[in-house]
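Following: one structure in C-alpha cells, then a few remarks.
The values are calculated or read from the model by the stated rules, or taken from the named source; none is laboratory data. Not measured: the values here are computed from a predicted model. In this analysis, Cβ positions are derived from the backbone assuming ideal geometry, glycine residues included, and neighbour counts consider all displayed protein chains. Surface areas here come from the heavy atoms of the whole protein model, side chains and all, with no ligands, DNA or RNA. Shrake-Rupley method; radii C 1.70, N 1.55, O 1.52, S 1.80 Å.
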Amino acid sequence: IDKARAELVAGNGQDAIDYLQKAIAAIQSSMEGGFVAFLPKPGEGWTAKEPTSSSGNWGAGANAVQFTTVERSYTRDKDKPRVNVQITNAPQIVQAQGQALAMLKNPQMRAMLTQDPNRKVEILDEDGWMGLWTAEKDSGVELVAIQGSVLVTLRVRDDDLPLAKQFWQGLDRKGLAEAATRNAKKKE
C-alpha cells in the first residue's frame with residue numbers, strides 16, 4: 001500500500017494500481033485463512049482434505065465487492081461416507097439463497113416441500129441462523145443456512161441426516177456469526 005502511495009505521488013498511476021491490486025490479493029488471501037478456522041475439526045476416525053479457498057471481487061471501483069469461499073471434504077475411514085462443508089460471503093450467492101429461504105415463511109411453500117415421500121425437509125432456525133435441511137432418499141442430505149452475510153452449505157452423500165447434523169454442530173457457528181456481523185457493520 002505504501003509503495004502504491006509513493007507511485008501515485010510520483011505520478012505513476014498504473015504502477016500504483018498494480019501495487020494496490022497486489023495488496024488486495026494479499027488481504028483476500030489472509031481472509032481465506034480466517035474462514036478456515038470456523039470449519040469443523042475432523043473427529044476421530046475421520047480424514048479431512050486440506051481446505052480449498054478462493055477469493056475475488058465483483059464489480060469495479062467504488063462498487064467492487066470482495067468475497068471469500070472456503071470448502072473442506074471429510075471422509076469417515078471405516079465406511080467412507082463423505083461430508084462437504086462450504087462457507088462463503090459471496091454477496092450474489094448469499095442474497096439469492098436468502099431470497100429462496102425467505103419463501104419458507106410461507107406455509108404453502110413449506111407444505112409443498114414436504115409432499116414428496118422420498119424427501120424429508122426441516123427448517124433450521126437457531127442462534128440467528130436460518131436454513132433448510134433437505135434429505136433426499138438415495139441422494140443424500142443438504143443444508144443451506146444463512147446468518148447475515150455468510151452462507152454455509154453442508155452436503156452428505158449418504159441419506160444420513162444425523163451425521164449431517166453432527167457436522168453442523170461441529171461448525172463454529174457462533175464465531176462465524178460474530179465475524180459476519182463485524183463485517184456487515186464495517187460496510188455500513
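Do we find that Thr134 is farther than 23 Å from Ala48 by Cβ, at pLDDT 90 or above and hydroxyl-bearing (Ser, Thr, Tyr) in this structure?
For Thr134, the condition - farther than 23 Å from Ala48 by Cβ, at pLDDT 90 or above and hydroxyl-bearing (Ser, Thr, Tyr) - is met.
What about Gly34, is it under 15 Å from the mean Cα position of the chain (by Cα) and either at pLDDT below 80 or open to solvent by 80 Å² or more (accessible area, probe 1.4 Å) (or both)?
Here the answer is yes, as Gly34 does meet what is asked.
Is it true that some residue in the range 101-120 is without any contact (Cβ under 8 Å) to a residue 60 or more places away in the chain, open to solvent by less than 80 Å² (accessible area, probe 1.4 Å), in a strand (DSSP E or B) and not hydroxyl-bearing (Ser, Thr, Tyr)?
Scanning the range 101-120 turns up at least one residue that is without any contact (Cβ under 8 Å) to a residue 60 or more places away in the chain, open to solvent by less than 80 Å² (accessible area, probe 1.4 Å), in a strand (DSSP E or B) and not hydroxyl-bearing (Ser, Thr, Tyr).
Going through the range 150-188 one residue at a time, which ones are at pLDDT 85 or above, within 22 Å of Gln66 (Cα to Cα) and buried (at least 20 other Cβ atoms within 10 Å of the Cβ)?
Across the range 150-188, the qualifying residues are Val150, Leu151, Val152, Leu176.
Restricting attention to the range 121-149, which residues are surrounded by 15 or more Cβ atoms within 10 Å (Cβ to Cβ) and of a type in the set (Val, Ile, Thr)?
If the condition is that a residue be surrounded by 15 or more Cβ atoms within 10 Å (Cβ to Cβ) and of a type in the set (Val, Ile, Thr), then Val121, Thr134, Val141, Val144, Ile146 are the ones that fit.
Let's see how each residue does on (1) at pLDDT 95 or above; (2) open to solvent by less than 30 Å² (accessible area, probe 1.4 Å); (3) not hydroxyl-bearing (Ser, Thr, Tyr):
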| site | (1), (2), (3) |
| --- | --- |
| Ser53 | no, no, no |
| Asn63 | no, no, yes |
| Phe67 | no, no, yes |
| Val70 | no, yes, yes |
| Asp77 | no, no, yes |
| Pro81 | no, yes, yes |
| Asn89 | no, yes, yes |
